[in-house]
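Note sheet for the following structure.
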Amino acid sequence: MRYAEPLFRPPSEADSFILQATLGCSWNACTYCAMYRSKHYRVRPLDEVLAEISEAATRFAGEVRHVFVADGDPLAMELDHWEPILRALAAAFPRLRRVSTYATARNLLEKPQDDLRRLRELGLSLLYIGPESGDDLILHRLAKGASAADHVEAARKARAAGMEQSLMFLLGAGGRERSEEHARASGRLATAMDPRFLSTLTLTVVPGTPIHRQENQGHFELPDTRELLIELRCFIEEAQPSSAIFRSNHASNYLPIGGRLPRDRQAILAAIDEALAGRTVLRPEWARGL
Ligand code: SF4
């Protein structure tokens, strides 16, 4: 495959066939995000994408079980693009079990419910959504383009269509100033969206992003490592999904832990407390990544 770099995927899609059906992100405005700043959003021509699926089928037809559709928010694509892509994937890979993609609350709110149901019927079964925070002031400052209530409605639409959600929240996104509000509101939003998968990442301030300029001007200060662990603790205390697999194994995190919520809440809190007490070796700065 020839990919237009940079290319991103969730950690859990490491063994998936990555299909770049769009380039960039249709929103491309979040103040902390540098992922697609070098790209102008566009939907790739359908014939190119279908040709890539055919090419992949000649090489890995019997192996592919998971497909991740890239780049930043392919759910923005119209149904007339999605439909032939999902049909081609199903025909190309007989062992296909899951097609997933990144999505934003805006994508979901803009899609008619019937389109979402159709996408699910055709195989799109998992959406990775990054609300990042449940606090409306922080969401506004991050320029996410959607409020906490929008995310709850987006989750309702995804669920009604039969799609699973994997949610990502961003430790540090509220800065030092709103650290606790961020953690607690994020936990409440995780409860309300009720995903199957839940994860935390840690904010890295990337040079050239708006949040980096805010930091340079003294308008934003990233919590320190201890404060980030306290945020994580508050988030886990607050989040009450009905049954979610929680992970903080992303390379940006200092403390990779996991478990099932609510079942393993006490064990996860105990692991965080061990780290706060200095009895756990945290991931060193040099080993962290975006
Ligand atoms: S929606 Fe996602 S990919 Fe797009 S700018 Fe925001 S964080 Fe980046």
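The table for this structure:
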{"quantity": "Tabulated pairs, the range 69-83, first within 16 Å of the ligand (Cβ to nearest atom), second polar (S, T, N, Q) and assigned to a loop (DSSP other than H, G, I, E, B), C-beta under 6 angstrom, 6+ apart or interchain", "calculated": "D73/S26; D73/T104; A76/S26"}
{"quantity": "Odd one out for S125 among (1) buried (at least 19 other Cβ atoms within 10 Å of the Cβ); (2) away from the ligand (no atom under 15 Å from the Cβ); (3) of a type in the set (G, A, S); (4) closer than 26 Å to V67 by Cβ", "calculated": "(1)"}
{"quantity": "Output for the range 71-105, where each listed residue is charged (D, E, K, R) and either in contact with a Cys (Cβ under 7 Å, 6 or more places away or on another chain) or closer than 20 Å to P10 by Cα (or both)", "calculated": "D71, D73, R97, R98"}
{"quantity": "Among (1) basic (K, R); (2) surrounded by fewer than 17 Cβ atoms within 10 Å (Cβ to Cβ); (3) not in a helix (DSSP H, G or I) - the single one R87 does not satisfy", "calculated": "(3)"}
{"quantity": "Any chance S54 is more than 25 Å from S147 (Cα to Cα), touching a Ser or Thr at 6+ places or on another chain (Cβ under 8 Å) and in a helix (DSSP H, G or I)", "calculated": "no"}
{"quantity": "Pair list, Cβ under 7 Å, 6 or more apart: the range 92-119 residue within 16 Å of the ligand (Cβ to nearest atom), other residue part of a loop (DSSP other than H, G, I, E, B) and not small (G, A, S)", "calculated": "Y102/D73; A103/D73; T104/W27; T104/D73; R106/W27; N107/D73"}
{"quantity": "Residue count for the range 223-251, restricted to those that are closer than 18 Å to F197 by Cα and in a loop (DSSP other than H, G, I, E, B)", "calculated": "9"}
{"quantity": "The range 159-184: number of residues that are out of contact with any Phe, Trp or Tyr (no Cβ under 6 Å at 6 or more places or on another chain), of a type in the set (A, V, I, L, M) and within 22 Å of G259 (Cβ to Cβ)", "calculated": "4"}
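None of the figures in this text is laboratory data; all of them are computed from the coordinates on show. These numbers come from a predicted model, not from an experiment. Because the Cβ atoms are built from the backbone with ideal geometry, glycine has one as well, and the counts that use them run over all protein chains shown.
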